[in-house]
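The values are calculated or read from the model by the stated rules, or taken from the named source; none is laboratory data. The structure presented is a predicted model; accordingly, all values stated were derived computationally and were not measured. Cβ coordinates were reconstructed from backbone atoms using ideal geometry, including for glycine residues, and neighbour counts include every protein chain displayed.
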Amino acid sequence: MSAAKVKMREKKMRNQPASVQYPSSSSNVERVGNTGYNPVNDFHLHLYLAHSAGAFARARAAEVSAMLKAVRKTTSSSRVFEALPKHMRRRAMSHNTKRTWDIRKARRRHGNLLLEFNRRQRKNIWLETHIWHAKRFHMVKKWGYCLGDRPTYKCYRACYRAMSSHCLLQDLSYYCCIELQGDEDKLLAALSQLTSKEAGPTFAAALCLSGRRQGSVMVYRAGRYPSQPLGPVTFLWRPRTQGSAHRQLWIWAHPTLKQDLLPELQTVCQCCEAVLPPAAPVVVNLTLEAESEPENTPEAKPVPGTKRKRSRKDATGPPAKKILGDGTRLPSTPVSWRSSSNGIVINDLTMEIVRYRLIGPQSHSVLVDTLEAATGCDKSQTCSLWWPQHCSDEAKMTLHQQQADIFNILKGIYSTAELPSGTVLGLTVDDPRLTLPRKRVKALPCVKQLMLEGVPEPCCQSFIWEQSVRDNVTDNKISEQELNRMRSEVLVPGSRLSPTPLQGRVPILLVHQPGKQVGHEMSSWGAGWDLLLPKGWGMAFWIPLVYRGVRIGGLNMSRKHSQNKAAPHFPRDYPDCPAGMRFQEEQEAELLDKFKRHPPAKRTNYIKHGCVAPFRCPWQQLAEEWEIIVREGSSQTRTTAQADAVTEERTSQQAISITKPPSRFTVLRCMNRKALKLLSAWCRPTTSKGQRPCRVGELPPISCEAMTSFLSAHAMSLVWVHVSLLSKGKPEYHAMLCVPTPEDLKALGNRQGTGGPQEPPHRDHFKSRIKHRKKDPKKAATSSVTPNKPDGKKTDLIFASDLDTNTSKDPKSFSESSSDLVLGLWPDPLPSVASHCSRVTVGWVTQGDFSMSAGCGEALGFVSVAGLLNTLLNQTSEHKGKLLLRNPTSLHYRFAKINIEV
Amino acid sequence: MVRLKSRYLLCEVNVSDRSQLLLLDDRAIMVAVKAAVARTHGDYGAAMCSIRFCVKYLNAHTGIVFLRFPKRCYKLLWSALPFITSIETRGQKIPCFLNCLHVGVKLRVCTKAQYKGNTNYLQPKTNKQLKKHEV
């Protein structure tokens, strides 16, 4: 045997029992086993020792231990996992030797599972329905949450049908709620800095202030009304209590907006003192209640067959507590700020309130079917739960009765859209798990009464506004396990629990969500209800709702919802807000990354397609370019008579534009009604496919003067347009909206079916440069790259501004830019975006898809106001508002009709 | 499976005087077994004994021996074991006989059997301690 073999054999036999025997002579040492019984060489001494009984037993024991070792430890030429018993071996282990085994049973034990879940939601918050969603949805990590994007099963059309004819359910708990408390006038004074009356109703709108309606406003930075928007929020006032000016306001905002909004709120309210959260939340002792009502305490009597563990509950609590609410926040982080000067308190209620959205005309039937107004209870009992305490108060009970009556009227209405938008209804309901149907059923409407008058003010009151009640309800929720046990003890299986357990009363708030509000078609499509619950009750309401036959949608469906409503979707369609800008950057990085994952030969060459920015929309550049184009164009076409007056105006404008730094573009929102209505009328609004014109009120026709005056106010503006294709084609995001030439329109007039013009393919000048660089990397790095400038001023302007920032590292930046070249993409700085192609670009599409409601491709996007007006002015009345749409990956232009919906 | 198949015999060497056990070694036992087989089965038996027969383990304190025989002829060889009456070692002749306790397919099985058998010898306290490490 070779030395290696001997070594191997030694290693293998390490644990095997070796013979125990004495050498025949002391010089010749034989194998001596690892017996633990140290043999001494003196043979005779051993002869003597062997006589004693103790020695005999010791010898046996030593042998046993040697045998035991041999049996338990396998030969060591095997790997770690091979040493395992067969039933514990896993196939994957032989592939990855580093992988150790763990036992699924131990891992899936409740306590260990909870620990694991808590660890996993340290970075991204999980909603309460996370596990339900994770089993059925593609999850994405967005905005610090784990959210369901789209279901793994095919249900796109079914979800659309649900939205338009039955009900679609979404978990919107990731929306952040900020609570403001303080005197009404002080609150309004502080909040008025964030909004403007010009932009429509503010926080002080009378209907909203009474608490009867939910309002929505666009929030701006304090005192910076038109220029610095933050984003849209919805808000809800708590109805007034008698004889008190103290009010409570909830502001609901998207999580990307919250980081901008919260500091802004703190400054306007002068709330800088952080109120530290209390050390330990007050937990209502259940044992107290157990003593007071013995019939409701199943723990007290030991039932044979129940597990021993349950009786030992008080001795050792559950090993891990489920995180309710915001898990990423440290317990010491302040969530509440107080102002010393005006007494306003700001509370961050993120993840404190669960918000579900039901979309669709039958959402009210689903709600009525699922929820049941809380049943009263015996008034004589006193306990720490909130409901019995409320039952003893007569006024509160009459209010509850009124609310329950109104809720029952809801049964009778035909469609959710009939209700006034933003209606609020407070309610207290029973635990919906108690009335869970045994099979999934579809909630069906039963029409009785046609119309519901608005909800009276007192009925908008709900106890969900009160922190103490919320905490009480959350802490005292009956666990699923406990509920199932109580169900199993019912005499007739499947019958309702009676009496209803006292813990099962939940204060909720129902908020009506308006549907499509703009445009002439499908008005109030996608109306629905929002269901607000205290935290911890998420799953308890989710499953009963799902059992009523609703469809569940994710983020994808909420995008489609807003697209069908022709409403801008936050943050995607708010390019002027900080959140929108961040979104654009993220999206660009994401799309670029995806693009680069393709092999270069398989990438779309966007330069050849004449698409300057396929992954983002340079709105600022577009607005600036169009401002210049319009200004120059108008100066040329002017007659000399008008010129004097206008040049004066122009010079003054120029003076302004020269003195002030290039202003940021703005977006004309629904709030600037007058301007939008005028624009809309000029576009000659039609039905979606452009067949029938719609009636428009008396408005001045478009003319040079009207245009100039309009542009003087909104030259740098973008406007939200609804685009519908006249023929086939499916618009994608970042598709270009271009101006058709008169020849194109003539061709369209001749034959309606023409597909549209083609863009001649462009040349890729950068391709040779990339090849060159590949061949000779050193030379390419040193040679300065002259960016090609197809058309004068704009590029110069950008370039100049770029130079300003880059002057110090000028040569370096050039070499960097040449090394940054990606095949098929324009490097920075971009050439003129407006006049890059044969058809002039006026805007881009932000979302587009085949619309199932209109039966044609529809898109939503922004166009430059200046560009649009310029186009409209040159078009005949027959073709007004007709533009061309081209996808980034195509050379084919399609005719489209734009509508500005007010 | 393709392998050389063997049988392992767990035997106990019974002697009248236990101190004599300490004189044993594996070579002596081997010689004794070979002689007994040759005596009972002749040349054929002796030849059988020369292939893959060995003493795997011997504990001179307890007198436990593991013998390995080829599977083909282990019954033949086993039948010769009762004819061993004495073992000659270190110039002494120890009168003894071999008692077969267990026949195993693998050495590991024999080890296990011996472990189980041995624990019976020991005191109940030790036994209890060992049971904690029950295989």
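If you go through the stretch A:881-897 one residue at a time, do you hit one that is touching a residue at least 12 places away in the same chain (Cβ under 8 Å), in contact with a Lys or Arg (Cβ under 7 Å, 6 or more places away or on another chain) and hydroxyl-bearing (S, T, Y)? Yes, there is a match, as at least one residue in the stretch A:881-897 is touching a residue at least 12 places away in the same chain (Cβ under 8 Å), in contact with a Lys or Arg (Cβ under 7 Å, 6 or more places away or on another chain) and hydroxyl-bearing (S, T, Y). Applying a threshold of 9 Å to beta carbon distances and a minimum spacing of six or more residues, or different chains, the list of pairs starting in the stretch A:322-342 at a residue that is at pLDDT 70 or above and ending at one that is β-branched (V, I, T) and assigned to a loop (DSSP other than H, G, I, E, B) reads A:V335/A:T350; A:W337/A:I344; A:R338/A:I344.
Just one of (1) within 12 Å of another protein chain (Cβ to nearest Cβ); (2) at pLDDT below 70; (3) closer than 27 Å to B:M30 by Cα fails for A:N41. It is (1).
If you check A:T234 against the conditions, is it modelled with pLDDT of 85 or more and over 23 Å from A:P458 (Cβ atoms)?
On the way: modelled with pLDDT of 85 or more: yes; over 23 Å from A:P458 (Cβ atoms): no.
Answer is no for this residue.
Inside the stretch B:41-75, residues that are within 20 Å of B:V13 (Cα to Cα), in contact with a helix residue (DSSP H, G or I) (Cβ under 8 Å, 6 or more places away or on another chain), more than 14 Å from chain A (Cβ to nearest Cβ) and surrounded by fewer than 20 Cβ atoms within 10 Å (Cβ to Cβ) make up a count of 1.
Given the options A:R213, A:R221, A:R240, name the one that is under 21 Å from A:L262 (Cβ atoms) and buried (at least 17 other Cβ atoms within 10 Å of the Cβ).
Values: A:R213 fails: under 21 Å from A:L262 (Cβ atoms); A:R240 fails: under 21 Å from A:L262 (Cβ atoms).
Of the residues listed, the single one that is under 21 Å from A:L262 (Cβ atoms) and buried (at least 17 other Cβ atoms within 10 Å of the Cβ) is A:R221.
Listed by first and then second residue, the pairs linking a residue in the stretch A:424-447 that is part of a helix (DSSP H, G or I) to a residue that is surrounded by 13 or more Cβ atoms within 10 Å (Cβ to Cβ) and of a type in the set (A, V, I, L, M, F, W, C), with Cβ atoms under 7 Å apart and 6 or more places separating them unless they lie on different chains, are A:P432/A:L371; A:P432/A:A540; A:P432/A:F541; A:R433/A:L483; A:R433/A:A540; A:L434/A:L497. Across the stretch A:473-499, the qualifying residues are those that are among the hydrophobic types (A, V, I, L, M, F, W, C) and over 30 Å from the mean Cα position of the chain (by Cα), and the one among them that is nearest to A:H390 (Cα to Cα) is A:L497. What is the residue count in the stretch A:857-902 for residues that are over 26 Å from A:P760 (Cα atoms), under 29 Å from the mean Cα position of the chain (by Cα) and surrounded by fewer than 23 Cβ atoms within 10 Å (Cβ to Cβ)? Count: 2. Taking each residue of the stretch A:181-197 that is not assigned by the TED database to the domain that holds A:S210 and looking for partners that are buried (at least 17 other Cβ atoms within 10 Å of the Cβ) and at pLDDT 85 or above with beta-carbon atoms closer than 6 Å, six or more apart or interchain, yields nothing. Any chance the stretch A:248-258 includes a residue that's assigned by the TED database to the domain that holds A:E184, in a loop (DSSP other than H, G, I, E, B) and not aromatic (F, W, Y)? There is at least one residue in the stretch A:248-258 that is assigned by the TED database to the domain that holds A:E184, in a loop (DSSP other than H, G, I, E, B) and not aromatic (F, W, Y).
I'd like the full set of residues that are assigned to a strand (DSSP E or B) and either under 20 Å from A:C176 (Cβ atoms) or among the hydroxyl-bearing types (S, T, Y) (or both), limited to the stretch A:123-138. Full working, then the answer.
Initial filter on the stretch A:123-138 (assigned to a strand (DSSP E or B)): A:125-126, A:137-138.
Listed by number, the residues that qualify are A:I125, A:W126.
Entry remark, the stretch A:707-732: residues being under 23 Å from A:V902 (Cα atoms), in contact with a strand residue (DSSP E or B) (Cβ under 8 Å, 6 or more places away or on another chain) and outside any helix (DSSP H, G or I) number 12 in total. Among the criteria (1) more than 14 Å from chain A (Cβ to nearest Cβ); (2) under 23 Å from A:P17 (Cα atoms); (3) surrounded by 18 or more Cβ atoms within 10 Å (Cβ to Cβ), the one B:N99 does not fulfil is (3).
Once the stretch B:24-40 is narrowed to residues that are of a type outside the set (A, V, I, L, M) and more than 14 Å from chain A (Cβ to nearest Cβ), the residue that is nearest to the chain's Cα centre (by Cα) is B:K34.
Output yes when any residue across the stretch A:465-474 is touching a residue at least 24 places away in the same chain (Cβ under 8 Å) and among the aliphatic types (A, V, I, L, M), and no when none is. Checked against the condition, which is being touching a residue at least 24 places away in the same chain (Cβ under 8 Å) and among the aliphatic types (A, V, I, L, M), the stretch A:465-474 yields at least one hit.
Residue-wise test of (1) exposed (fewer than 14 other Cβ atoms within 10 Å of the Cβ); (2) at pLDDT 85 or above.
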site	(1), (2)
A:W387	no, no
A:C391	no, no
A:I464	no, yes
A:S468	yes, yes
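Residues that are within 14 Å of another protein chain (Cβ to nearest Cβ), at pLDDT 90 or above and surrounded by 14 or more Cβ atoms within 10 Å (Cβ to Cβ): does the stretch B:118-135 have at least one? No, because not a single residue in the stretch B:118-135 is within 14 Å of another protein chain (Cβ to nearest Cβ), at pLDDT 90 or above and surrounded by 14 or more Cβ atoms within 10 Å (Cβ to Cβ). Does A:L452 qualify as being within 17 Å of A:A373 (Cβ to Cβ), modelled with pLDDT under 80 and in the same structural domain as A:Y547 (by the TED database)? For A:L452, the condition - within 17 Å of A:A373 (Cβ to Cβ), modelled with pLDDT under 80 and in the same structural domain as A:Y547 (by the TED database) - is met.
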